[in-house]
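So the structure is just underneath, and the comments pick up after that.
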Amino acid sequence: MIPGVDVDSIVYLNGEYLRLADAKVSVLDRGFIFGDGIYDVVPAYSGRPFRMDDHLSRLERSLDSINISVDMNRSDWETLVAEMLHRSGLSDCMVYIQVTRGVAKREHAFPKNSTPTVFCMVAPFSRPTEEERNQGLSAVAIPDIRWLRCNIKSVSLLGNVLAKQAAVDAGVNEVVQFRDGYLTEGASSNVWIAKSGILLAPPRDNLILEGIRFGLIEELALQSGVQLQSRQIAEYEVATADEIMITSATREILPVTIYNGKPVGDGRPGEVYSKLREGYDNAIKNLEQA
Ligand code: PDD
């Protein structure tokens, strides 16, 4: 028994499709020992992956950035995602892919001949509820204490784990992190603000994970006539924003209506959010009907 997990679900591990209960990784796997690996999360609706190309490009970028070379090309990754979705039979779900540097004697530097461990699982996910969409989320500001390569989707997530626990401890849904007084991102989401109808996002540099929603929101903003600027955003600008929003594969786009215990704007989801949310819902409808 693993709380909350279906041990009979099918997972992929190093070329084999297995019951989750039968999938085993060595204790010397560098993912376990050092957090030496990367991952990605591809959302799917009605069993169809959403923006898979972007996710697989980021997966390949993450692998390159830490010099892991896997014997899988783009079409192999696509086949894996399709096969996992098919075997799971799930409708709205997320496909989790993880690659570590593999099993080796415990020495920090890269081993010479390790074979990467490739793992994939699919888990059901619930789209944001009406309550979350209409009432919004709560968030608090915290300092960003993570490393300087947050652009890599690394499985070394201790900083993010501590950040998310800080949200739980504060009784809110998400944290908004700041480094040197400037907005970075949430514990597991990107953060956006709107001021006077203009949508603002922090620069896509090494201090944040560039969410796949970045490209999507850019497209949706263009479609709905919302001006988007990418620049450093100071802490006071977030505190005085008309709107705050978060995006991620699983939360799509959601408004933050309570920030540091105070209402954001008039305390209700704003106009910029509503336009982007409509575009997001349409993009999913188009995927389902394609
Ligand atoms: N996390 N920033 C961080 C730190 C994240 O962990 C995530 C998503 C994002 C948003 O990225 P995307 O739009 O590609 O989902 C930004 C995933 C969902 C996770 O770790 O489960």
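The values are calculated or read from the model by the stated rules, or taken from the named source; none is laboratory data. Note that the coordinates shown come from a computational prediction; the quantities given were computed from them, not determined experimentally. Positions of Cβ are generated from backbone atoms using ideal geometry, with glycine treated the same way; all protein chains shown enter the neighbour counts.
Among the residues of region 124-166, which ones are closer than 24 Å to residue 263 by Cβ, assigned to a loop (DSSP other than H, G, I, E, B) and of a type in the set (Gly, Ala, Ser)?
136
Every residue in region 140-158 that is more than 14 Å from the ligand (Cβ to nearest atom) and buried (at least 17 other Cβ atoms within 10 Å of the Cβ), please.
Hit for region 140-158 is 140, nothing else.
Name, by its number, the condition in (1) more than 15 Å from the ligand (Cβ to nearest atom); (2) in a strand (DSSP E or B) that does not hold for residue 26.
Among (1) more than 15 Å from the ligand (Cβ to nearest atom); (2) in a strand (DSSP E or B), the lone unmet condition for residue 26 is (2).
Could you list all residues from region 159-176 that are more than 10 Å from the ligand (Cβ to nearest atom) and farther than 24 Å from residue 264 by Cα?
Selection gives 161, 162.
Counting only residues that are farther than 13 Å from residue 246 by Cα and charged (D, E, K, R), which one in region 211-232 is farthest from the ligand (Cβ to nearest atom)?
231
For region 71-111, how many residues meet the condition of being touching a Cys at 6+ places or on another chain (Cβ under 9 Å), within 16 Å of the ligand (Cβ to nearest atom) and within 23 Å of residue 35 (Cβ to Cβ)?
Qualifying residue count for the region: 4.
So which residues in region 186-210 are more than 13 Å from the ligand (Cβ to nearest atom) and touching a Lys or Arg at 6+ places or on another chain (Cβ under 8 Å)?
Selection gives 200, 203.
Report whether or not residue 156 is under 23 Å from residue 265 (Cβ atoms) and either of a type in the set (A, V, I, L, M) or in the same structural domain as residue 261 (by TED's automatic domain parsing) (or both).
No.
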